[in-house]
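A short worksheet on the structure shown next.
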Amino acid sequence: MPAFAARILGSAHGLDDGTPLATLALSGIRALTGFPDGHGTEWRREAWASAGLLRDELSSTVLVLNLRGTPALDWLADTGEPGVLTLRQLTRRTPRTTAATVHICENPAVLAAAADTHGPDCPPLICLQGQPSAAALALLRDLHAHGTALRYHGDFDWGGLRIATALLHRVPWHPWRYTAADYRAAAMATTPSPLTGSPADSPWDPALAEALSTLGVRVEEETVLDTLLTDLA
């Protein structure tokens, strides 16, 4: 986008956030592409991308394990090593995997443990590393569009629910041990910590948010690692 702004407006910063031209251009993009209204950094990044303009094609990344579809990814999958995909790579050549299901986790520790435990035998796994990046959304949307089922797991706390909901609003997924029943079982089997922060919804399973409010404890993804690794065996 900076190169586009420099060519059209004479300044690489002509479409920086908050400038009148950026606000006007985003309104035009919504009118032309039908992109939904919204706010925030990630929304603006996605809005620009819907018109073919990448704000920063290298800093937005997504962490993957055993995802195939390009020579580099195939080499990593053969060795069972994690890889990092940039938004630039995903907009130029999206991986074409034959996997029917791809698992998604919130925290890198889960992906690292899966690589250590299962190596090249682990099924494809994608890590959001918190809020879904533009790169993660580009990858997951393409996988969904080509028929891959997505299964998601995250932290059992209000922040985790918000991340999962943000992803669900953009890409359909099914819970991977991420329901009220799974939360209650995990809370009983581990030593949880007190739940803090403002409550959030869990639209994929409304009972999950209710269970968090009732029990008042948080269960981090790393504390149920053994269970997740068993699923990936």
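Points worth noting:
- Each of Asn107, His118, Leu143 was placed along the dipole of region 54-147 (beta-carbon charges, centred on the mean Cα), and the one lying farthest toward the positive end is Leu143.
- Rolling a 1.4 Å probe over the protein heavy atoms of the chain, with every protein chain left in place, gives an accessible area that is 55 percent carbon and sulfur.
- Normalised contact order of region 98-233, rounded percent, pairs of Cα under 8 Å and 6 or more residues apart: 29 percent
- Degrees between helix 206-215 axis and first principal axis of the chain (Cα, 0 to 90, nearest 10): 60 degrees
- FRET efficiency for the pair Ala99 and Trp75, taken as 1/(1 + (r/R0)^6) with r the Cβ-Cβ distance and R0 = 25 Å, rounds to 0.90.
- Note that the chain presents 48 Å² accessible area per residue, ligands and nucleic acids not counted, probe 1.4 Å.
- In the chain, a dipole from Cβ-located charges (positive for Lys and Arg, negative for Asp and Glu) runs towards its positive end, and of Ala181, Thr223, Ala207 it is Ala207 whose Cα lies farthest in that direction.
- When the Cα gyration tensor is reduced to axis lengths a ≥ b ≥ c, the ratio a/c is 1.5 or higher for the chain, and with a/b not above b/c it is classed as oblate.
- Ranked packing of 65-72, 29-36, 153-160, most packed first, by mean Cβ within 10 Å: 153-160, 65-72, 29-36
- Only Lys, Arg, Asp and Glu carry charge here, each on its Cβ (+1 for the first two, -1 for the last two); on that basis region 59-127 has a dipole of about 440 debye about its Cα centre.
- Relative to the longest principal axis of the Cα atoms of the chain, helix 20-33 runs at roughly 70 degrees.
- Global geometry of region 22-120, whether rounded, prolate or oblate, following the gyration tensor of its Cα atoms and the 1.5 cut on a/c: prolate
- Summed side-chain charge close to Ala72 - residues other than Ala72 whose Cβ falls under 14 Å, Lys, Arg +1, Asp, Glu -1: +2
- Cα-only radius of gyration and Dmax that characterise region 64-166, units Å: 13.0, 39
- Debye, to nearest 20: dipole size of region 67-195, +1 on Lys, Arg Cβ, -1 on Asp, Glu Cβ: 520 debye
- Total formal charge among the other residues, if their Cβ is under 13 angstrom from that of Asp155, Lys/Arg +1 and Asp/Glu -1: -3
- Placing +1 on the Cβ of every Lys and Arg and -1 on the Cβ of every Asp and Glu, with nothing else charged, gives the chain a dipole about its Cα centre of roughly 900 debye.
- What the Cβ-Cβ distance of His144 and Ala189 gives, at R0 = 30 Å and to the nearest 0.05, is a FRET efficiency of 0.40.
- Furthest towards positive pole of dipole, Leu167, Gly10, Leu67, structure part the chain, Cβ charges: Gly10
- Area projected by the alpha carbon convex hull of region 1-60, averaged over all directions, nm²: 3.9 nm²
The values are calculated or read from the model by the stated rules, or taken from the named source; none is laboratory data. Keep in mind that this is a model prediction, so the values were computed, not measured. Note that each Cβ is placed from the backbone with ideal geometry, even for glycine, and that neighbours are counted across all protein chains shown. To get the accessible areas, we keep the full protein, side chains included, count just its heavy atoms, and leave off ligands, DNA and RNA. Shrake-Rupley method; radii C 1.70, N 1.55, O 1.52, S 1.80 Å.
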